[in-house]
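The values are calculated or read from the model by the stated rules, or taken from the named source; none is laboratory data. All values reported here derive from a predicted model rather than from experimental measurement. FYI the Cβ positions are ideal-geometry reconstructions off the backbone, even for glycines, and counts take in every protein chain you see.
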Amino acid sequence: MKKIIIYILFLFIPIANNAKVAELYSKMIVVEDVFAEVNLAEAGLNSDVFFLALKGLKKLEANGKLQNSDIITIADYSQSSNKKRLYVIDLKNKILLFNTYVAHGRNTGDEFAKSFSNEEGSLKSSLGFYITENPIVGLHTGFALQLAGVEKGFNDNAIKREIIIHSAEYATEGFIKKYGRLGRSYGCPSLPPDMNKPIIETIKGGTCLFIYNPDNNYIDSSGLLN
């Protein structure tokens, strides 16, 4: 149905704009095809979120910021923390590599993520696009992955804030069954212990991570989405 609507609108666009519209239409069809082939809707991811994630990835790739643009990780903080809202996708081979739980910051919300910050000490999650760096071993977190936030004002304090991917016992299905929701971090996208190392080994070294929420301030101001 979406493709039919897009095609009808395309017919009524002035001829002068047809080249740009055709390019946009082509890109949307490609996105829809990948989205469908990877079965992301069945995994709970919205196609609009996927489109935004790819839009930012392509800009980062065009600017030479990524070492590996075939892999994208999406943390969809519009979903309940009780859902498996982290997606690691192999775009080249069209495979959903991982789909699991991911925690948000303590002061970002309870079951749902509602408030975000780039400030040190806020204990909140930060939205936007990140580039993965190299694994580290933290004193308190163990095996973890450094993240570089690339959106000024939204997540560019990530390294200073020590925002990393790491494992946490509160990011498990068992914790949800006991407390009714996932636990919360100090701002890090924390993962279930059994998924932490496999995911880090897959996405390390210059891939794109997109932390999403339909926050109007972010959506309207992001340089990678506008």
Pick from region 64-100 the residues that are assigned to a loop (DSSP other than H, G, I, E, B), touching a strand residue (DSSP E or B) at 6+ places or on another chain (Cβ under 9 Å) and of a type in the set (Ser, Thr, Tyr): which of them is nearest to residue 194 (Cα to Cα)? 77
Of residues in region 127-161 being among the charged types (D, E, K, R) and out of contact with any strand residue (DSSP E or B) (no Cβ under 8 Å at 6 or more places or on another chain), the one nearest to residue 102 (Cα to Cα): 161
Give 116, 129 a once-over and let me know the one that is of a type in the set (Phe, Trp, Tyr), touching a helix residue (DSSP H, G or I) at 6+ places or on another chain (Cβ under 6 Å), within 22 Å of residue 56 (Cα to Cα) and touching a residue at least 12 places away in the same chain (Cβ under 8 Å). 129
Residues in region 59-74 that are over 21 Å from residue 189 (Cα atoms) and touching a helix residue (DSSP H, G or I) at 6+ places or on another chain (Cβ under 9 Å) total 1
Given the conditions (1) outside the structural domain of residue 175 (by TED's automatic domain parsing); (2) among the acidic types (Asp, Glu); (3) exposed (fewer than 15 other Cβ atoms within 10 Å of the Cβ), report the number of the one that residue 32 does not fulfil. (3)
Take the conditions in contact (Cβ under 8 Å) with a residue 60 or more places away in the chain, out of contact with any Pro (no Cβ under 7 Å at 6 or more places or on another chain) and crowded, with 22+ Cβ neighbours inside 10 Å and apply them to residue 152. Does it pass? no
